[in-house]
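Note sheet for the following structure.
Quick note: the coordinates plus some simple rules give every number you see, no bench work behind them. Values in this document were obtained by computation on a predicted structure and should not be read as measured data. FYI the Cβ positions are ideal-geometry reconstructions off the backbone, even for glycines, and counts take in every protein chain you see.
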Amino acid sequence: MSPQNLTNVYNQNPTLQGQYTLQQYLDLFGQGSTPTSTPPTTTGDPNPTLIQPKQGIINSNINQYQSGGGGGGITSARGSQQRVNDFNNAIAARQEGLNNPGKVQSFVNSAKQMIGIEPQMSVEQMLARSGYMNPQQRPTGGIPFGVGSAIAMAVPDKYYDMPLEDQIFTQSQMGYNDGSGYKDEFGYNTRSALGNYGEFVGERVDKTGQALVNSAAKRGLTFDPVTGKITDEVTDTNKDLIDDFNKKTSYIQKEFFSFTNKAKERKAISDRVAKEKREQDARIMKAEEERRARAKAKAEAAAQQAREAATADRARARNSGVYASADRQGFTDGRGGGFGSRSTGTNENFSNNTGRGRTGYRYGGRTSYFDGGIVSLRRR
């Protein structure tokens, strides 16, 4: 973050002003120059909870930073408990509205769909569809004649350049608006023209963690950003130093804690999206395998029919006279099939209606030798 941006954060935060001079705050982030600035007149007391020796930031007082409640407006001090509550309540209210839109919003959503604009989905809806869903596109992008591109240039929004998982994470952090756009509990933009909030979260974890490492080192202490702990044992010599560290870095610790948890949320969303895509790919692959199996079975059946037809054609070509006679007597269908072929079924002249074996001797069945049948040549 640039010195000017850090200065803006400092000027808008009474807690930082009570703990550091502007130069001391910039030094925490390795910024040596002090831009000209005018301190704000707002006041506030966030009453931060300090780190205790051997007590990690991660998972300590987690309910304090993540619980709901409160919600006394949008003027609470950045990073204060009231601001955290406002932020969480605003996010929850927005997601509830997206999941369960009222009559008016439902009407608006239907009107949008009629002109080809997909209404904004909730985080859970986006996650459920993430296996086959593409990243959201700018609603005005399809306007022809270069109008859509002109709008994109006039009103840039980095959101539409993000991968789906970061779009979902950004949506999960939207809801709190201080009048100048969506912000997080520390006043940073969660959706902006040029920035990716998900990437910013990772950067803040690294920067605030390093600032805590540097601040601890100046006091001869060791801060571990992986565990979020002061690793030194408490002694009479360093007790005052640890207390001073906790007091002077309480706001940075709060940022570090919050952004560390946000980074975990971002990773969980990314993992969920990857899982949904793998499962969708597996479903697509299974459906394709089944389609190929059906096509193969159909082709094999067609090939079998072709072979049978070819066999009948060869037999007819070799015995044209016999087949011509059979056609006249109704033993075939006359369309090229063989005797009793699939096209004719079983010819009734070969049927057995009595159930007593072959019958119809009078009409050509096997008879005794008195009627010209086959006889034995053995002497009697």
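Given R₀ = 56 Å, what would the calculated FRET efficiency be for D236 paired with D157, taking r from the Cβ atoms and rounding to 0.05?
On the way: r = 56 Å, r/R0 = 1.00.
The computed FRET efficiency comes out at 0.50.
Here the spin labels are modelled as points 7 Å beyond Cα on the Cα-Cβ line, and at K218 and A287 they lie 6.0 nm apart. FRET efficiency for the pair Q125 and A303, taken as 1/(1 + (r/R0)^6) with r the Cβ-Cβ distance and R0 = 41 Å, rounds to 0.30.
By the count of neighbouring beta-carbon atoms within 10 Å, fewest first, E265, E233 end up ordered E233, E265. In order along the stretch 289-296, the Karplus-derived 3J(HN,Hα) couplings, from 6.51 cos²θ - 1.76 cosθ + 1.60 at θ = phi - 60°, round to 5, 5, 4, 5, 5, 5, 5, 5 Hz, and Gly and Pro are given as x. Measuring against 25 Å, Cα to Cα, the residue pairs K158/K229; K158/K183; K183/K277 contain K158/K229; K183/K277 as the ones spanning a longer distance. Highest-first packing order for the peptide set 128-136, 165-173 is 165-173, 128-136, based on the mean count of other beta carbon atoms within 10 Å. Quarter the surface of the alpha carbon convex hull of the stretch 195-258 and you get the mean projected area, 4.3 square nanometres. Near the amide H of D157, within less than 5 Å, lie no amide hydrogens of residues on another chain or at least 5 residues away, with H placed in the peptide plane. Phi angles across the stretch 166-173 convert, under the Karplus curve 6.51 cos²θ - 1.76 cosθ + 1.60 with θ = phi - 60°, into 3J(HN,Hα) values of 6, 5, 5, 4, 4, 4, 5, 10 Hz, Gly and Pro given as x.
Tell me, K103, K158, K275 in order of fewest to most beta-carbon neighbours within 10 Å?
Numbers: K103 7, K158 17, K275 13.
With the sparsest Cβ surroundings first, the list reads K103, K275, K158.
Packing here is the average count of other Cβ atoms within 10 Å per residue, and on that basis the peptides 214-225, 86-97, highest first, run 86-97, 214-225.
Near E165, once Lys and Arg are set to +1 and Asp and Glu to -1 for all other residues with Cβ below 12 Å from its Cβ, the sum equals 0. Here's how it looks for K229: its modeled amide H is under 5 Å from those of I57, D224, which are all 5 or more places away or on a different chain.
Rounded to the nearest Hz, the phi-derived 3J(HN,Hα) couplings of the stretch 77-88 under the Karplus curve 6.51 cos²θ - 1.76 cosθ + 1.60 (θ = phi - 60°) are 5, 4, x, 6, 4, 4, 5, 4, 5, 4, 4, 5, where x marks glycine and proline.
Its Cα gyration tensor gives the stretch 221-324 an equivalent ellipsoid. The semi-axes, each the square root of 5 times an eigenvalue, are 84, 11, 5 Å from largest down.
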